[in-house]
Amino acid sequence: MIAPTGWQIKALAEVVAIQRGFDLPHHARRPGNFPVLTSGETGGFHDEGPIRGPGVTIGRATNLGQPKWSDGDFWPHNTTMFVKDFMGNLPRWVFHFFENTDLAGYDSGSVQPMLNRNYIAKVPVLVPPPEEQQAIAEVLGALDDKIAANTKLICAADQLSHAIFLSMNRSEGPQIPLSTTAKFVNGKAFTKNASGTGRVVIRIAELNSGISSSTVYNDLEVGDQHVARPGDLLFAWSGSLTLHRWFRPEGVVNQHIFKVIPNNGYPRWLIYELLRHKLDEFKSIAADKATTMGHIQRKHLDDLVAAPSLGEIGKHDQLMTALWDRALAAEVENLQLATTRDALLPQLMSGALRVNDTDKMLENVGL
């Protein structure tokens, strides 16, 4: 490890003081506004937050080393350790240090994974001066803030779309089979003999959690009805039964997922809402199949749904399409922002890239 000019190499114990979190079983929790930070996530809320924010926890019992940030006061769960003293370092920079540092290799558990603060005390840390810690945190924070703003926009657009749909007069519209509004094209077993290159094979895992190290790729030529592009509607008809607006790069649709292709006269937002309206009923049907993985059958797509009249659809189509497109654009933009952030994080934390050199990358993502 070589320190850039003006930086120091220190042991972790010289950078922060860490302490084990506190026990808080579910039965002891009381309604409140203080987040209970468990390993890598917020595991509920409590009426007491003994640690003053902003603060950082890191996974101790699961998700070893994975940090979690809190702007305000919080309860650090006993599955975590928390930073008791930042020793003059910027809390947000400390959070990014843990983000960028893989501590999983320091597992000290004999039966189950466990992170011990004494085992990580000597982990070397490249420490920039305070003003550069601040600058690094501001660059990464700008990306985080934009991602968070887009996420709120997506949520708001989808909530507004749903509210408008519910407000539409459907009592005077036709009762039609859901299957007449769109083509439901079932995916195929494209993971078989996958080449490892080419397009993403979209499985339920990719729908729920995105693209990961376990994602399968295949350069197989397939028909257009099995290709999903940003904006396409995908419906997982088995397992957890979920509905998605695909916003990731072009991929091929695997089995157990319908690519839903709207028929003429039925805009995509309408099909999404009609399916959304039926989803709880479909999940109930799937739950009854106790001996197999829960799923619906194609015959269930012939169930009647109360669709708005063509006049009602036309009346709202411009606004609903605009909301659909805006949410999609924000989802696509978030992918680019996250990619930029992931690329910048190790470069900035190691000093390989200085903040003054990030202008072009930030300009490319509109910051």
Residues of the range 26-36 that turn out to be open to solvent by less than 60 Å² (accessible area, probe 1.4 Å) and either modelled with pLDDT under 95 or more than 21 Å from residue 94 (Cβ to Cβ) (or both), as a count:
3
Exclusive hit being under 26 Å from residue 241 (Cβ atoms) and polar (S, T, N, Q), set 364, 356, 334
334
Of the residues that sit in the range 163-174 and are touching a residue at least 40 places away in the same chain (Cβ under 8 Å) and in a helix (DSSP H, G or I), which one is surrounded by the fewest Cβ atoms within 10 Å (Cβ to Cβ)?
164
Hey, could you check the range 1-37 for residues that are in a strand (DSSP E or B) and out of contact with any Pro (no Cβ under 9 Å at 6 or more places or on another chain) and say which is farthest from residue 131 (Cα to Cα)?
35
Count, please, the residues in the range 50-63 that happen to be modelled with pLDDT of 95 or more, in a loop (DSSP other than H, G, I, E, B) and open to solvent by less than 30 Å² (accessible area, probe 1.4 Å).
1
Return the residues of the range 88-115 that are touching a residue at least 24 places away in the same chain (Cβ under 8 Å), open to solvent by 50 Å² or more (accessible area, probe 1.4 Å) and polar (S, T, N, Q); say none if nothing qualifies.
100, 112
In the range 64-87, how many are in a loop (DSSP other than H, G, I, E, B) and open to solvent by less than 60 Å² (accessible area, probe 1.4 Å)?
7
Residue, nearest to the chain's Cα centre (by Cα), within the range 310-351, restricted to residues that are in contact (Cβ under 8 Å) with a residue 60 or more places away in the chain and more than 27 Å from residue 155 (Cβ to Cβ)
346
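Tell me the strands (runs of 3 or more DSSP E) entirely within the range 225-307 that contain at least 1 residues that are closer than 26 Å to residue 173 by Cα. Please lay out each step first, then the result.
Values: elements: 233-236, 242-245, 251-253, 257-262, 304-306.
Answer list for the range 225-307: 233-236, 242-245, 257-262, 304-306.
Return the only residue of 285, 257, 202, 261 being modelled with pLDDT of 95 or more, open to solvent by less than 60 Å² (accessible area, probe 1.4 Å), in contact with a strand residue (DSSP E or B) (Cβ under 9 Å, 6 or more places away or on another chain) and within 18 Å of residue 303 (Cα to Cα). Break it down stepwise before answering.
Numbers: 285 fails: modelled with pLDDT of 95 or more; 257 fails: within 18 Å of residue 303 (Cα to Cα); 202 fails: within 18 Å of residue 303 (Cα to Cα).
Result of the check over 285, 257, 202, 261: 261.
Give 327, 306, 322 a once-over and let me know the one that is open to solvent by 50 Å² or more (accessible area, probe 1.4 Å), among the small types (Gly, Ala, Ser) and more than 30 Å from residue 133 (Cβ to Cβ).
On the way: 327 fails: open to solvent by 50 Å² or more (accessible area, probe 1.4 Å); 306 fails: open to solvent by 50 Å² or more (accessible area, probe 1.4 Å).
Matching residue, one of 327, 306, 322: 322.
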Sole miss for residue 134 among (1) open to solvent by less than 20 Å² (accessible area, probe 1.4 Å); (2) within 24 Å of residue 16 (Cα to Cα); (3) in a helix (DSSP H, G or I) is condition (1)
Checking residue 270 against (1) open to solvent by less than 10 Å² (accessible area, probe 1.4 Å); (2) closer than 22 Å to residue 177 by Cα; (3) touching a Leu at 6+ places or on another chain (Cβ under 8 Å), which test does it fail?
(3)
I'd like to know if the range 146-162 contains one or more residues that are part of a loop (DSSP other than H, G, I, E, B) and not polar (S, T, N, Q).
no
Tell me, which residue of the range 137-162 that is of a type in the set (S, T, N, Q) and open to solvent by less than 30 Å² (accessible area, probe 1.4 Å) is nearest to residue 277 (Cα to Cα)?
161
Residue 181: passes all of (1) in contact (Cβ under 8 Å) with a residue 40 or more places away in the chain; (2) within 28 Å of residue 225 (Cβ to Cβ); (3) open to solvent by 30 Å² or more (accessible area, probe 1.4 Å); (4) not aromatic (Phe, Trp, Tyr) but (3)
Just to be sure I understand, how many residues within the range 217-253 are open to solvent by less than 10 Å² (accessible area, probe 1.4 Å), in contact (Cβ under 8 Å) with a residue 40 or more places away in the chain and either β-branched (Val, Ile, Thr) or over 16 Å from residue 158 (Cα atoms) (or both)?
6
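The values are calculated or read from the model by the stated rules, or taken from the named source; none is laboratory data. These numbers were taken from a predicted model, which means no experiment stands behind them. Note that we place each Cβ from the backbone using ideal geometry, even for glycine, and neighbour counts take in every protein chain shown. To get the accessible areas, we keep the full protein, side chains included, count just its heavy atoms, and leave off ligands, DNA and RNA. Shrake-Rupley method; radii C 1.70, N 1.55, O 1.52, S 1.80 Å.
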